[in-house]
Amino acid sequence: MKIALISARPKIADKKANIEKIKAYVKKTDADLYIFGELFLTGYSCKDEFRSLAETINGESLKKLKKIAKEKNSYIIFGMPLLDEKIKGLIYNAAVLVHPDGKIDVYKKWFLPTFGPFEEKIFFDEGDNLPVFETKHGKIGILICYDLYFPEICKAYSLQGADVIICISASPNVTRKYFENLLPARAIENTAFMVYCNISGTQEDLVFWGGSQAYDPLGRLIAKAPYFKESIIECNLDLKMIKTARAQRPVLRDIKAEIYNDLYKMARKVYSEHEKILKKIKEFHGHLGPYAVIGWKAGLLANELLGSKDGIKGIKATVYTGKTPYSCMVDGLQLSSNCTYGKRNIEIVDKDLLRIEFKSKKDYLVLEVKEEVKKYLDKNMTRGNEEKLAYDILIMPNKDVFDIKTK
């Protein structure tokens, strides 16, 4: 199978220009499969514009790309914001495989990064299916960027018979070293070809490093594009190598299914502990929402930094908060600390600061909810998903929830 990896810079929020760019690159060379990066149809940094740019698989953009694939008699993979066809308002960060005969296959990104410069959970819903796609050249599994950090996805594909695993990406330069370590590891773990296609160039304050690359089933580099430049590289994947590689390194033969059962039980145990915490907060507060969980986390963190296993003592808490749901922090804080109305060592100040100050004669601690966390919750808060957001906040590290200041 001959593949072409295109490390190109999509134009933000300009689907027409990006389709023309896809068409131009497809014309440059002959290949069985052309691969473009994550959200290439729209560009990565569209934010609120994703809602108006997203299309269904029957949208106008897909019709144009099916025509390009048919004329070239080749497959094309690219990323786009995809509208759910049944539920209005749901959008997925999707990878689309266009077949030469017009058939469309779709993978929806499972793991949506929402930390640092990434805000994907604000705009997208998570996928929940891991399909392997049949082509006339072989079986293909697709993942998107941050999905690569979770080896279970690639393992699921290889166990379903995937010959080639393709990761499309919008990876900024700060993450390059992680991807270049993970890619050959995923190839070796699954004795499958591992192909990576990243966008390049600058979008807002993110610099994407390009560097698309491919590895054989034993983790050896086949081809690699230059960093920080638009480019197209070609390579041939000899799928007959897979049989030899799996004889030399029979990792799929030696998999023990009980390990995955044990992992599931371990994960469920952790989840059960989380459920107990959330149930306790819900019973105390009357309902469950993310700001009550923020207050609960703040009390525990204050206890860790200022107190002992018996809790914080001799400390007064001042909570700067406004109307609901922000004021729900107060109940969460009372539940996890010694600062309560009954003890008269908690004060509420009606200001929308989302800030908690802990003071004693010798200690001073300020926990302020990070602006990106507030933004994420404001964007996504509905009566239907309050409990989901509460769980998201519960499992977030404290450093990602609070700006922490001490004296």
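See the values below:
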read-out: E126-K343 pseudo-label distance in nm [points 7 Å out on the Cα-to-Cβ vector]; value: 3.5
read-out: Bridge type composition, the chain - antiparallel percent by DSSP, nearest 5; value: 65
read-out: Residue order, fewest to most beta carbons within 10 Å, for V98, V132; value: V132, V98
read-out: Sequence-separation-based contact order of the chain, relative, with Cα cut under 8 Å and 6+ spacing, percent; value: 12
read-out: For the stretch 358-407: relative contact order, % (alpha-carbon pairs under 8 angstrom, 6 or more apart); value: 62
read-out: Viscosity 1.306 mPa s, 10 °C: Kirkwood-radius Stokes-Einstein D of the stretch 260-406 over Cα pairs, µm²/s; value: 102
read-out: Estimated FRET transfer efficiency when R0 is 30 angstrom, pair K405-E204 (beta carbons, to 0.05); value: 0.60
read-out: Cross-link table K343/K370; K64/K388; K139/K375; K121/K407, entries beyond 31 Å C-alpha to C-alpha; value: K64/K388; K139/K375; K121/K407
read-out: For the chain, with +1 on Lys and Arg beta carbons and -1 on Asp and Glu, the positive-most of S7, L83, W209 along the dipole; value: W209
read-out: Cα shape, the stretch 2-255, gyration tensor, a/c 1.5 rule; value: rounded
read-out: Packing-based exposure ordering (other Cβ within 10 Å, fewest first) of L159, L97, L333; value: L159, L97, L333
read-out: Residue-span extension gain [Y364 to K316] - 0.36 nm each, minus C-alpha spacing; value: 16.3 nm
read-out: DSSP beta bridge pairing in the stretch 19-108, given as percent antiparallel to the nearest 5; value: 75
read-out: For the stretch 48-160: rounded, prolate or oblate by the Cα gyration tensor [a/c cutoff 1.5]; value: oblate
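Where a number appears in this text, it was derived from the coordinates with a stated rule and is not lab data. As the structure is a computational prediction, the values presented were derived from the model and not from experiment. When we count neighbours, we look across all protein chains shown, and the Cβ atoms used for this are built from the backbone with ideal geometry, even at glycine.
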